[in-house]
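Any read-out appearing in this document is the output of simple, stated calculations on the displayed coordinates, not a laboratory observation. In this text, all values refer to a predicted model and were calculated from it rather than measured experimentally. FYI the Cβ positions are ideal-geometry reconstructions off the backbone, even for glycines, and counts take in every protein chain you see.
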Amino acid sequence: MSLPSPLAVVPFVSVENMMRLVLAIGVEEVLTALAAYIEEDFRRWDAFDKTPRVASHSLDGVIELMPTSDGRLYGFKYVNGHPKNTRDGKQTVTAFGVLSDVDSGYPILLSEMTILTALRTAATSAVAAKYLAPDNARVMAIIGNGAQSEFQALAFKALLGIDTLRLYDIDPAASRKCARNLAAKGFDITICPSCQEAVEGAGIITTVTADKQNATVLTDNMVGGGVHVNAIGGDCPGKTELHRDILLRSDIFVEFAPQTRIEGEIQQLAADHPVTELWQVMSGHREGRRSASQITLFDSVGFATEDFSALRYVRDQLMQTGLYDELDLLADPDEPRDLYGMLMRAAGPAL
């Protein structure tokens, strides 16, 4: 059987090659570069098709498609969220993504996005905090110490200089895991016995829990003036982490309001409650942090442009790293109208 033609081949970044790529460049370096790509795309917000992600909900979780295009490239991500998976030794979140050429419709990259989503989520949190966190914040509380926690810590270290972590999880083993993984990364780390103790003295509070339910991870008395809350865990209908009163005292920043009103912390508020989209701050149309006493809240649910940015970044690394496989993905007959003939010729000469 003949080899596939060049037009049939799509670069594929496997989990193994994604890990090799990140380690070859450096985790903090990748996070910093991803943040730059994400910020660049937020600054050209008007160029993108924007729609809330397409979600299929079940009692156990959600499966989502997240598409967008800037008119030249089209990207989408397939991602799930199933908190119960950890009981079966599986990941809560898995993902893969595709980047395509708009002019031809041909895919130009297929990539794992389980690791890449963790990286881009952390990079997005940190780039938002550049505009929203109090000046010279060095202490961050991380509430929920699962798969995302180390990426968040390293992104905030790389972009904001965070050097002190206060960890809390309902499962102490998760906090010990997080502390162990970050032990040699330049942090002063304290594992706290309660959420209340974890937030004491923190200028930034990151909540990143996984339960698919309305929860109150942070109560109103835990959040004082001058704090930035980076709320990541609430990302689907019926799933929140913050007491409603915190929202009413905060200036709220979101990625794409029509999606966040369905999935984010602000699903607890009236549909017309004022929020600021992140692109407006990055482009200078709206203010971010205005005062030392202000409470800022980044109600982050993840948006398709962030995955688009991450896929663009990975594609730009392929030629210099060579860390990809050639996947025979597209049928490419010699005569474009003779797909059936291609199929028959694959059988070889008739006996």
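List, in order, the whole-Hz ³J(HN,Hα) value for each residue of the range 305-316 obtained from phi through the Karplus relation with A = 6.51, B = -1.76, C = 1.60 and θ = phi - 60°; use x for Gly and Pro.
4, 5, 5, 4, 4, 5, 5, 4, 4, 4, 4, 5
Starting from 0.36 nm per residue, how many nanometres of slack lie between ASN181 and GLU40 once their C-alpha separation is accounted for? Write down the numbers at each step before the final one.
Numbers: separation 141, 0.36 × 141 = 50.76 nm, distance 3.06 nm.
Stretched fully, the ASN181-GLU40 segment lengthens by 47.7 nm.
Along its principal axes, what span do the Cα atoms of the chain show, with the longest given first and each in whole Å?
81, 43, 40
Which of the lysines could a cross-linker bridge to LYS90, judged by Cα under 21 Å and excluding same-chain residues fewer than eight apart?
Cα-Cα hits under 21 Å: LYS77, LYS177, LYS212, LYS239.
Classify the range 109-232 as rounded, prolate or oblate, taking a ≥ b ≥ c as the square roots of the eigenvalues of its Cα gyration tensor: rounded when a/c is under 1.5, otherwise prolate if a/b is larger than b/c and oblate if not. Write down the numbers at each step before the final one.
On the way: a/c = 1.32, a/b = 1.18, b/c = 1.11.
Rounded shape, in that the Cα axes give a/c under 1.5.
As an exercise, take the mean of 1/r over every pair of distinct alpha carbons in the range 128-303, invert it, and state the Kirkwood radius in angstroms. Write down the numbers at each step before the final one.
Values: mean 1/r = 0.0625 Å⁻¹.
In the range 128-303 this quantity evaluates to 16.0 Å.
For the range 170-255, what's the relative contact order in percent, using C-alpha pairs closer than 8 Å and at least 6 residues apart? Before the final figure, lay out each step's value.
Values: 85 pairs, mean separation 22.0, N = 86.
For the range 170-255, the relative contact order is 26 percent.
For the range 128-303, what is the relative contact order in percent, using Cα pairs closer than 8 Å and at least 6 residues apart in sequence? Please list the in-between numbers first.
Numbers: 374 pairs, mean separation 41.5, N = 176.
That works out to 24 percent.
To test your reading of the geometry: what angle, between 0 and 90 degrees and rounded to tens, separates the Cα axis of helix 149-160 from the longest principal axis of the chain?
With rounding to tens, the tilt is 80 degrees.
Assuming a ≥ b ≥ c are the square roots of the Cα gyration tensor eigenvalues, decide whether the range 22-86 counts as rounded (a/c under 1.5), prolate (otherwise, with a/b larger than b/c) or oblate.
Details: a/c = 2.89, a/b = 1.23, b/c = 2.35.
Verdict is oblate for the range 22-86.
Just to be sure I understand: of the beta bridges DSSP finds with both ends in the range 128-303, what percent are antiparallel, rounded to 5?
Working: 1 of 30 bridges.
Bridges in the range 128-303 that DSSP calls antiparallel: roughly 5 percent.
Put a dot 7 Å past each Cα toward the Cβ at LYS50 and ARG337; how far apart are the dots in nm?
Label at ARG337, label at LYS50, 4.4 nm between them.
Of the beta bridges DSSP finds with both residues in the chain, what % are antiparallel, to the nearest 5? Could you put the intermediate results ahead of the total?
Working: 29 of 60 bridges.
Counting only bridges with both partners in the chain, antiparallel ones make up about 50 percent.
Given only helices, namely DSSP H runs of n ≥ 4 each adding -39500 (n - 2.57), what is the per-residue ellipticity at 222 nm of the chain, to the nearest 500 deg cm²/dmol? The partial results should precede the final answer.
Working: 11 runs with 117 residues, N = 351.
Rounded to the nearest 500, the figure is -10000 deg cm²/dmol.
Normalised by the number of residues in the chain, what is the relative contact order in percent for Cα pairs under 8 Å and 6+ residues apart?
Values: 704 pairs, mean separation 75.0, N = 351.
Value for the chain: 21 percent.
Once the piece of chain linking THR114 and ASP328 is laid out straight, how much longer is it, given 0.36 nm per residue of separation minus the C-alpha distance between them? Intermediate results must be reported in sequence, preceding the final value.
Values: separation 214, 0.36 × 214 = 77.04 nm, distance 2.23 nm.
Once the chain is fully extended between THR114 and ASP328, it gains 74.8 nm.
Report, in degrees rounded to the nearest 10, the 0 to 90 angle that the Cα long axis of helix 172-181 makes with the longest principal axis of the chain.
70 degrees
Mind ranking 175-182, 256-263 by how tightly packed they are, going by the mean number of other C-beta atoms within 10 angstrom, highest first?
Details: 175-182: 17.8, 256-263: 19.5.
Going from most to least packed, we get 256-263, 175-182.
Put a dot 7 Å past each Cα toward the Cβ at ARG345 and ASN214; how far apart are the dots in nm?
Going from the ASN214 label point to the ARG345 one covers 6.3 nm.
Can you tell me how the range 53-97 classifies by the Cα gyration tensor, rounded, prolate or oblate, using a/c under 1.5 as the rounded cut?
Numbers: a/c = 6.45, a/b = 2.27, b/c = 2.84.
Because a/c hits 1.5 or more and a/b fails to exceed b/c, the range 53-97 counts as oblate.
Treating the angle as unsigned and between 0 and 90°, give the value, to the nearest 10°, between the Cα long axis of helix 15-25 and the longest Cα principal axis of the chain.
The answer is roughly 60 degrees.
Per-residue counts of other Cβ atoms within 10 Å, averaged by peptide: what ranking do you get for 72-78, 335-341, highest first? The partial results should precede the final answer.
Details: 72-78: 19.0, 335-341: 9.7.
Going by the mean number of other Cβ atoms within 10 Å, highest first, we get 72-78, 335-341.
If you find the alpha carbon centre of the range 270-319 and of the range 142-197, how far apart are they in angstrom?
So the separation of the two Cα centres works out to 23 Å.
Using a Förster radius of 45 Å, what is the FRET efficiency between GLN280 and VAL9 based on their Cβ-Cβ separation? Nearest 0.05, please. All intermediate terms of the calculation are to be shown ahead of the outcome.
Values: r = 41 Å, r/R0 = 0.91.
Approximately 0.65, to the nearest 0.05.
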